[in-house]
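The values are calculated or read from the model by the stated rules, or taken from the named source; none is laboratory data. From a predicted model like this one, the values you see are computed outputs, not experimental measurements. For neighbour counting, all protein chains shown are included, and Cβ atoms are generated from backbone atoms with ideal geometry for every residue, glycine included. Areas reflect the complete protein model, heavy atoms only, side chains present, ligands, DNA and RNA absent. Shrake-Rupley method; radii C 1.70, N 1.55, O 1.52, S 1.80 Å.
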Amino acid sequence: MKGKLIVIEGLDGSGKSTQLERLPGLLAQRGIASKTISFPDYDDPSSTLVRMYLGGEFGGTVDAVNAYAASIFYAADRYASYKRHWGDYYEAGGLVLAGRYVSSNAVHQAAKLPREEWEGYLSWLYDLEYNKTAIPKPDLVLFLDMPPEVSQQLLAGRYAGDESKKDLHERDRVYQQHCREAALFAAAYSGWQVIPCAKEGRPLPPEEISGVLAEKIQAVL
């Protein structure tokens, strides 16, 4: 009996890591055990091409690597992670909480393409990852909708104002806005649930967001 795969998705600085830290304990209080994973898996050699790309080794702009090539870098990392680190747990019926997944390609790589190509790209992407490499489809994708102007404030706090610590994606504010537009398109196309994470230009309290996410997760179990 296969388990459940729940994805926590969002733009850079949207609070994914915070929620991934909070949710297992919150779910455990409700008697629900889970395993967390996060992508890219920076501690594993499978993320080498991703790290090279984000570090600017293939060019210093987000467009230096086209959407399809970059998608394959991330897809390979996910495949390796599934086969080596969480596939057995999932296949045995476990609940897996993923910080980012195939949905990250849908957000960050589609944003490089003209809007009229987004649907074709998503069709190609889902065929590549769910059919060709055959990693599991998520049962639920929860998109943390943090407006880029708010997430940039949070990123500034994370890096103590040091812009040099941001990766290729995080540094490009125009690209981040494109990513949000692509994310909302992908959410409608793919049936993701969009979770508002800011109000009047300020982030909502993490515990408030966690409560909403826990309810959404419990509803699909």
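Okay, here's what the table says:
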item	result
Subset of segment 2-27 [touching a Pro at 6+ places or on another chain (Cβ under 7 Å) and among the hydrophobic types (A, V, I, L, M, F, W, C)]	5, 6, 7, 11
Positions within segment 2-47 being aliphatic (A, V, I, L, M) and open to solvent by less than 20 Å² (accessible area, probe 1.4 Å), in sequence order	5, 6, 7, 8, 11, 23, 27, 37
Test: residue 50 is buried (at least 16 other Cβ atoms within 10 Å of the Cβ), touching a Gly at 6+ places or on another chain (Cβ under 7 Å) and at pLDDT 95 or above	no
Residue count for segment 193-221, restricted to those that are of a type outside the set (A, V, I, L, M), surrounded by 14 or more Cβ atoms within 10 Å (Cβ to Cβ) and touching a Pro at 6+ places or on another chain (Cβ under 9 Å)	1
Residues of segment 203-221 classified as without any contact (Cβ under 8 Å) to a residue 12 or more places away in the chain and assigned to a helix (DSSP H, G or I), total	3
Qualifying residue in segment 158-168 (condition: within 22 Å of residue 199 (Cα to Cα), open to solvent by less than 50 Å² (accessible area, probe 1.4 Å) and modelled with pLDDT under 95)	no
